[in-house]
Amino acid sequence: MSAGHHHQLYRPGDSVVHRLPPQCKLLAAAGFAVAVVATPRESFWAFAVYAVLLAAVAAAGRVPSGFVLRRMVIEVPFVVFAVAIPFIGLGERVEILGVPLSVEGLWAAWNILAKATLGVVASILLAATTEPRMMLLGAQRLRLPQLLVQIAMFMLRYMDVIMDEMRRMRIARESRGFVARDARQIPVLAKSAGALFIRSYERGERVHLAMLSRGYTGEMPIIRDLSASLRQWGTAGLLPGLAVATAVLSWSLS
C-alpha cells in the first residue's frame, strides 16, 4: 500500500529529523502541543522559547522558512477570528490608536494566535519531515485503533485516484459544451457528484474483494522495520521535554 508520489506537505530529505521513526515524531509533536496549550497566556517569554525550539527543529530538518510560511495560510480563519475578538469582547476597554478594544479580548486574541501558530508550525514541520504513509504506520505502531489507521491509509492512497476521476468527468462535461455559469447548472453538477460517489463505492468494493483474495485478514502487513532505539526516543524527546520544562517554569513564575 505505498503511493508512488509524495504529498505536497512532505519535503524529501535525509536530515536527523527525517530519519527519526514516525512514532517518535508523533509523540514529540503531541507532547509539544500539550505543553504549549498548558502555558499561561501571560508568559510571553515562554512562547518565545517555543518559537526558538521550532526554529531549531526546522534547521535540523532543513526545512526552509519560506516553505513553512507558505503553508501557514491554513491559519487564516484563526487569525480573522482572533482579530475580531478585541472589537466584540466585553468588559474593560482600552484605546489603541483611538480605537476602543476589550482588554480581555486582546488577551484572548493573543492566546489564540500564539498557541494556534505554534501548533500549526509544529504540524507543518511534522508533515514536512514525515511521509504521510509512514506517519500512519507510526500511529499504528503506537497502538491507535487499527480500523481508523487503515481507513486513513486507504483515504490517502485513493484520494488522488478519486480526484483524477473527478477531473476526467469535468473534462467530459466541458467537451460537450457544459459551462457552470449560474444555479441552473446545479442539477448537472449534482448528478456528477452522485455518479462519482457510485464509482468510488464500486471501486472500494472491488479493492476489498481483491484484498480478501490475497489473504487480507484485517491487518495491513508492515514490511519496513519501524522500531525505535533509546537514542532515537531521546532525540525526539528533546522538543517536548524542553517544552514541558518551559511550561512548568512559566506556571511557577506566574
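For the range 105-123, does any single residue satisfy the condition of being assigned to a helix (DSSP H, G or I), over 26 Å from Val17 (Cα atoms) and free of Cβ contacts under 8 Å to residues at least 12 places away in the same chain?
Looking only at the range 105-123, we keep the residues that are assigned to a helix (DSSP H, G or I), and these are 105-123.
In the following step, the residues that additionally are over 26 Å from Val17 (Cα atoms) were identified as 105-113.
Narrowing further to those that are free of Cβ contacts under 8 Å to residues at least 12 places away in the same chain: none.
Checking the range 105-123: not a single residue is assigned to a helix (DSSP H, G or I), over 26 Å from Val17 (Cα atoms) and free of Cβ contacts under 8 Å to residues at least 12 places away in the same chain.
Condition first: within 17 Å of Val36 (Cβ to Cβ) and either in contact with a Phe, Trp or Tyr (Cβ under 6 Å, 6 or more places away or on another chain) or modelled with pLDDT under 90 (or both). Now tell me which residues in the range 196-251 satisfy that.
Leu239, Pro240, Ala243
Can you tell me how many residues in the range 174-183 are among the small types (Gly, Ala, Ser) and outside any helix (DSSP H, G or I)?
The first filter runs over the range 174-183 and keeps only residues among the small types (Gly, Ala, Ser), leaving 175, 177, 180, 183.
In the following step, the residues that additionally are outside any helix (DSSP H, G or I) were identified as 177, 180.
Qualifying residue count for the region: 2.
Taking the stated definitions as given, is Ala193 under 30 Å from Ala55 (Cβ atoms) and either free of Cβ contacts under 8 Å to residues at least 12 places away in the same chain or assigned to a helix (DSSP H, G or I) (or both)? Lay out the reasoning, then the answer.
Values: under 30 Å from Ala55 (Cβ atoms): no; either free of Cβ contacts under 8 Å to residues at least 12 places away in the same chain or assigned to a helix (DSSP H, G or I) (or both): yes.
Considered against the rule, which asks whether it is under 30 Å from Ala55 (Cβ atoms) and either free of Cβ contacts under 8 Å to residues at least 12 places away in the same chain or assigned to a helix (DSSP H, G or I) (or both), Ala193 comes out as no.
Would you be able to tell me the number of residues in the range 52-66 that are open to solvent by 50 Å² or more (accessible area, probe 1.4 Å) and either among the aliphatic types (A, V, I, L, M) or touching a residue at least 12 places away in the same chain (Cβ under 8 Å) (or both)? Spell out the reasoning first.
Taking the range 52-66 and keeping what is open to solvent by 50 Å² or more (accessible area, probe 1.4 Å), we get 52, 55-56, 59, 62, 64-65.
Right, trim to either among the aliphatic types (A, V, I, L, M) or touching a residue at least 12 places away in the same chain (Cβ under 8 Å) (or both) and you get 52, 55-56, 59, 62.
Residues meeting the conditions: 5.
Please pick out the residue among Ile171, Ile186, Ile162 that is more than 30 Å from Leu53 (Cβ to Cβ), assigned to a helix (DSSP H, G or I), open to solvent by 90 Å² or more (accessible area, probe 1.4 Å) and at pLDDT 85 or above. Give the steps one after another, and end with the answer.
Working: Ile171 fails: open to solvent by 90 Å² or more (accessible area, probe 1.4 Å); Ile162 fails: open to solvent by 90 Å² or more (accessible area, probe 1.4 Å).
One residue alone meets the criteria, Ile186.
What residue, among those in the range 230-253 that are open to solvent by 90 Å² or more (accessible area, probe 1.4 Å) and more than 24 Å from the chain's Cα centre (by Cα), is nearest to Val16 (Cα to Cα)?
Arg231
Among the numbered criteria (1) surrounded by fewer than 15 Cβ atoms within 10 Å (Cβ to Cβ); (2) under 19 Å from Leu20 (Cβ atoms), which one does Arg141 miss?
The single condition Arg141 does not satisfy is (1).
Need at least 1 residues that are closer than 16 Å to Trp251 by Cα per element, so show me which helices (runs of 4 or more DSSP H) inside the range 6-76 make the cut, counting only ones lying wholly within it.
Values: elements: 16-19, 22-38, 44-60, 65-71.
So the answer is 22-38, 44-60.
The values are calculated or read from the model by the stated rules, or taken from the named source; none is laboratory data. As the structure is a prediction and not an experimental result, all values here were calculated from the model. Virtual Cβ from ideal backbone geometry, glycine too; neighbours counted across all protein chains shown. Side chains are part of the model used for accessible areas, which takes the heavy atoms of the whole protein and leaves out ligands, DNA and RNA. Shrake-Rupley method; radii C 1.70, N 1.55, O 1.52, S 1.80 Å.
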